[in-house]
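The values are calculated or read from the model by the stated rules, or taken from the named source; none is laboratory data. Keep in mind the model is a prediction, meaning the values are calculated, not measured. With ideal geometry, Cβ positions are generated from the backbone for all residues, glycine too; neighbour counts draw on all protein chains shown. Heads up: the accessible areas ignore ligands, DNA and RNA and are worked out on the full protein's heavy atoms, side chains in. Shrake-Rupley method; radii C 1.70, N 1.55, O 1.52, S 1.80 Å.
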Amino acid sequence: MMVLRLLLVWCFWMFAGAVHAADFRVTFINPGGESGFWGEVSKTMAAAAADLDVELEILYADRQLYRMEALLQQRLDQGDLPDYFILVNENQAAARLLQLLDGKPSKIFFLLNKLTAKQMMMLERRNITMDNIVASIIPDNEIAGYDMAQSLFDRARQLNPDDEEIRLLALTGDTTTPAGLQRELGMQRAVADNYDVKLLHAIPAEWNEEIGYQRAASVFKRTEVDVVWGANDDIALGALKAAREAGLTPGQDILFAGLNWSSRGMEAVRNGEMTMTHGGHFFAGAWSIVMLRDHFFREIEGEFFVNVLFKMSPITGENVDLYIGRLGDGDWDRIDFSRFCKSVSGRSHYDFSSEAILAAAAS
């Protein structure tokens, strides 16, 4: 009798564990670390995974290019592979990751930076299959880069309507990452659309605040600059520090724009030191889990590739208080990410807009 009772208890706990087991498993090779922008990507991803019953594993490369490859190889050697790997084509390193995954059963999702056409051609020549790539979520970096530049030009004309020329310093990200190249392309297009703008320099700052500070300080010693376009908030804030040390007043003598929706960037916008911080793309971490949930529970047979391009949004002096009020605490667990799933909501399309994020944060 005692044996039967113990068997029943064991069966109960086994059944309960099965009921609460995750629906599927995901491993994210994060090219950055646990803080800053890449930390926020992981946090939104983890919040969505909790809402959607997904077992999530995150491995951090800490901005070390070859560590992504090492982390993936270690995970493959470990065995018991996840249903999906989430990869980022940071510094165009993902082609090698695809080669490591060739023949493996896991599906692949690209986040923020997908394969370039050149990389895809190279993989095809080497007979590396890309059939296991199921989807991607990519922000429209070109429009963001354009908006940032245009905000600088418009504000410069408001402050100094009699000036005949606007001198621009662009501090870009790096020379290979698709997101950075697209942002720079948007900036270059804005320059072409504004006849009174002179691009003094476009200098890579490696997404780093200290390098942004050093690059800007060097330029400020040699020439006058009216506006500074930073590929992300860290770079813009580094340049802003250099401007103060050069005796300039940010927001008056010199203007700055950045991208990331960072808390420091939003405060700089609120204080009038930056014209805008573009962004919202760290929510792509959550969107990747939303899309994978839809893929896992799809009702049609076979595989399909979904490439979602979503717009980022500018935080300016006009709306910064709203964003800080709704999103400033960074508590993504209070957002119900299941409402964004097509398989849950019944919608035919995704709504990853800033309006939808603000509404979800307020509910």
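Residues considered: 234, 193, 174. Of these, the only one that is at pLDDT below 95 and of a type in the set (Asp, Glu) is 174.
Only one of the listed residues (143, 203) is in contact with a strand residue (DSSP E or B) (Cβ under 7 Å, 6 or more places away or on another chain) and either within 21 Å of residue 274 (Cβ to Cβ) or at pLDDT 95 or above (or both). That residue is 203. Of the residues making up the stretch 127-141, one or more are outside any loop (DSSP other than H, G, I, E, B), buried (at least 20 other Cβ atoms within 10 Å of the Cβ) and in contact with a Ser or Thr (Cβ under 6 Å, 6 or more places away or on another chain). Restricting the first member to the stretch 59-71 and to residues that are over 10 Å from residue 30 (Cβ atoms), and the second to residues that are assigned to a helix (DSSP H, G or I), the beta-carbon pairs closer than 8 Å and six or more apart or on different chains are 65/90; 65/91; 69/96; 69/97; 69/100. Residues in the stretch 332-348 that are in a helix (DSSP H, G or I) and under 15 Å from residue 47 (Cβ atoms): 332, 333, 334, 337, 338, 339, 340.
When the stretch 148-170 is filtered for residues that are in contact with a helix residue (DSSP H, G or I) (Cβ under 8 Å, 6 or more places away or on another chain), at pLDDT 95 or above and open to solvent by 50 Å² or more (accessible area, probe 1.4 Å), nothing remains. Residue count for the stretch 216-233 under the criterion of being open to solvent by 50 Å² or more (accessible area, probe 1.4 Å) and assigned to a strand (DSSP E or B): the result is 0.
Being among the small types (Gly, Ala, Ser) and within 18 Å of the chain's Cα centre (by Cα) holds for only one residue in 205, 216, 170, 192, and it is 205.
Might you let me know whether the stretch 281-296 holds any residue that is in a loop (DSSP other than H, G, I, E, B) and out of contact with any Pro (no Cβ under 6 Å at 6 or more places or on another chain)? No, the conditions are met nowhere in the stretch 281-296. The set of residues in the stretch 235-278 being open to solvent by 10 Å² or more (accessible area, probe 1.4 Å) and part of a helix (DSSP H, G or I) consists of 237, 241, 244, 245, 263, 264, 266, 267, 270.
Does residue 281 satisfy the condition of being open to solvent by less than 40 Å² (accessible area, probe 1.4 Å) and not charged (D, E, K, R)? Answer is yes for this residue. Scanning the stretch 339-363 for residues that are touching a residue at least 24 places away in the same chain (Cβ under 8 Å) and within 20 Å of the chain's Cα centre (by Cα) yields a total of 10.
Filter the stretch 19-33 for residues that are touching a helix residue (DSSP H, G or I) at 6+ places or on another chain (Cβ under 7 Å) and open to solvent by 20 Å² or more (accessible area, probe 1.4 Å) and give the result. The answer is 23, and nothing else.
The residues on offer are 123, 185, and the sole one that is open to solvent by 70 Å² or more (accessible area, probe 1.4 Å), assigned to a helix (DSSP H, G or I) and touching a residue at least 12 places away in the same chain (Cβ under 8 Å) is 185. Can you name the number of the only condition in (1) more than 24 Å from residue 172 (Cβ to Cβ); (2) open to solvent by less than 40 Å² (accessible area, probe 1.4 Å); (3) assigned to a helix (DSSP H, G or I) that residue 108 fails? Every condition holds for residue 108 apart from (3).
Applying the selection to the stretch 171-182, what residues are among the small types (Gly, Ala, Ser) and free of Cβ contacts under 8 Å to residues at least 60 places away in the same chain? Of everything in the stretch 171-182, just one residue is among the small types (Gly, Ala, Ser) and free of Cβ contacts under 8 Å to residues at least 60 places away in the same chain, namely 180. Number of residues in the stretch 37-80 that are open to solvent by 10 Å² or more (accessible area, probe 1.4 Å), within 30 Å of residue 209 (Cα to Cα) and in a helix (DSSP H, G or I): the value is 11. For the stretch 308-331, name all the residues that are modelled with pLDDT of 95 or more, open to solvent by less than 60 Å² (accessible area, probe 1.4 Å) and in a loop (DSSP other than H, G, I, E, B). Within the stretch 308-331, 312, 317, 319 qualify.
Within the stretch 200-213, residues that are more than 14 Å from residue 264 (Cβ to Cβ) and of a type outside the set (A, V, I, L, M) sit with their Cβ atoms under 9 Å from residues that are assigned to a strand (DSSP E or B) and open to solvent by less than 40 Å² (accessible area, probe 1.4 Å), at 6+ positions apart or across chains, in these pairs: 201/168; 201/169; 201/170; 201/171; 204/171; 204/172. Between 195, 213, the distinction of being open to solvent by 20 Å² or more (accessible area, probe 1.4 Å), out of contact with any Ser or Thr (no Cβ under 8 Å at 6 or more places or on another chain), among the aromatic types (Phe, Trp, Tyr) and within 25 Å of residue 31 (Cβ to Cβ) belongs to 213 only.
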